[in-house]
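The values are calculated or read from the model by the stated rules, or taken from the named source; none is laboratory data. No experiment lies behind these values; they were computed from the predicted model shown. Glycine gets a Cβ as well: all are built from the backbone with ideal geometry, and neighbour counts include every protein chain shown.
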Amino acid sequence: MGDRNMFEKVYQDLLQRLMNGKELALLTFLDSKDEKRGNIKNKIFLNKHDIEKNLPKMIEDNKDIKEKVLHSFKIGTPTTITSDDKTVVIEPFFPKPRLIILGGGHIAKPLCELGNKVGFSVVVADDRPSFANANRFPLADNVICENFERVFDNIKLRDSDFIVIVTRGHRHDGVCLRNTLKYDPAYIGMIGSKRRVKEMMNQLIDEGFSKHKLDKVNSPIGLSIGAVTPDEIAISIIAEVISYRRSLGAKISNNNKFNWPEFDVDVINEACKESEIPRALITIINSKGSVPRKAGAKMIVWLDGRIMGSIGGGCSEANIITLARDAIIKNEYSIEHVDMTGDVAEDEGMVCGGILDVLIEPL
């Protein structure tokens, strides 16, 4: 069994890099005793953007592992590779996605609240102190009061960012869009009437911006639900943003079906800490069908009965918790298959129907 303190350090470094906006893959190397059980041999993580030049020797010599790591980034879900008695679990980690709201007016306030509620790290920027302040946006992770030309130096846009342009005027919208188009974020949306948007797009083409990039701008912004009030407009915008986060992802996934990786930050935070009470980390490593939590979801189970996080609840989770205690006592990992289809789902009264493969590892 690997050094648990070393694994805690791996999670500490992983979390720190995620907080700095890095996209990473965590590789867990399993020494198998049989098809379900064995020991954790090692854990390492790889940075997506320098994977080609910083591959450890064990991976550099294994083309299959390298291809699987790259594929995990494209699809956003964990994958496994097995050869002989060795298994590697590959988990992609993307930083908590940022919703960057440019403009602090009447739409920004409910949009910030909704963005926070559905799991975004929200950044709000405006050039007016009365609109760009923490009292107005208590749920924002960062509120920036700065000229729209200079605000991009503070934000430092990432590929995984979702940009919403809702300033108080057409001129400011144009400044924000021109600066945003210098980058390649996951989503760009800009408010405006069809006529004003068309005029701006034609002007930007005349300025030399490519039609291909301009076609990626969602404007007028939001899903077409007949929204009128600021709250309704905010709902239409966040719904469109979620659709890009959860199902489209064309830019990040190179047209593969993409699922934004589950990121249970509280669970990862806890995995960084030492614990006097033995515990196990539980991870969904594969999911199919209609399941309450997707691949990548995590929870921690302590030997004294405490839990943190969830892999979906119900009788299936309760059974996994029991098996986790066995894994802790035996000090070995186990991979469990959870069937929530057909008669199993009916017997447990579940409305979902799917299957899960769950990795339970002493931590």
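Residues in segment 180-194 that are more than 25 Å from the chain's Cα centre (by Cα) and surrounded by 17 or more Cβ atoms within 10 Å (Cβ to Cβ): ILE191, GLY192. Considering only residues in segment 209-264 that are of a type in the set (Ser, Thr, Tyr) and at pLDDT 85 or above, the one that is surrounded by the fewest Cβ atoms within 10 Å (Cβ to Cβ) turns out to be SER224.
One residue stands out among those in segment 118-129 that are at pLDDT 95 or above and surrounded by fewer than 16 Cβ atoms within 10 Å (Cβ to Cβ): the one that is farthest from SER236 (Cα to Cα), which is PRO129.
The condition of being at pLDDT 95 or above, touching a helix residue (DSSP H, G or I) at 6+ places or on another chain (Cβ under 8 Å) and crowded, with 21+ Cβ neighbours inside 10 Å does not hold for LEU139. Selection of segment 173-199 for residues being in contact with a strand residue (DSSP E or B) (Cβ under 8 Å, 6 or more places away or on another chain), over 20 Å from ALA227 (Cα atoms) and outside any loop (DSSP other than H, G, I, E, B) yields ASP173, CYS176, LEU177, THR180, TYR187. The set of residues from segment 81-126 being among the basic types (Lys, Arg) and closer than 29 Å to ASN286 by Cα comprises LYS86, LYS96, ARG98, LYS117.
Taken over segment 277-310, the criterion of being under 16 Å from ILE321 (Cα atoms) and in a loop (DSSP other than H, G, I, E, B) is satisfied by ILE277, PRO278, ARG293, ALA297, LEU303, ASP304, GLY305, ARG306, SER310. Scanning segment 87-103 finds no residues that are surrounded by fewer than 23 Cβ atoms within 10 Å (Cβ to Cβ) and farther than 25 Å from LYS294 by Cβ.
Do we have MET58 as modelled with pLDDT under 80 and surrounded by 13 or more Cβ atoms within 10 Å (Cβ to Cβ) here? Yes; evaluated as a whole, the condition is true for this residue. Among the residues of segment 118-137, are any of a type in the set (A, V, I, L, M, F, W, C), touching a residue at least 60 places away in the same chain (Cβ under 8 Å) and assigned to a helix (DSSP H, G or I)? No - not one qualifying residue is present in segment 118-137. For segment 178-193, the set of residues classified as of a type outside the set (Ser, Thr, Tyr) and more than 17 Å from ASP153 (Cβ to Cβ) consists of ASP184, ALA186, ILE188, GLY189, MET190, ILE191, GLY192, listed by residue number. Filtering segment 23-52 to residues that are among the charged types (D, E, K, R) and modelled with pLDDT of 85 or more leaves GLU23, ASP31, LYS36, ARG37, LYS41, LYS43.
Inclusion of ASP161 among residues that are of a type in the set (Asp, Glu) and surrounded by 15 or more Cβ atoms within 10 Å (Cβ to Cβ) is warranted. Just checking, does segment 295-312 include any residue being surrounded by fewer than 20 Cβ atoms within 10 Å (Cβ to Cβ), at pLDDT below 90 and touching a Ser or Thr at 6+ places or on another chain (Cβ under 9 Å)? No, segment 295-312 has no match at all.
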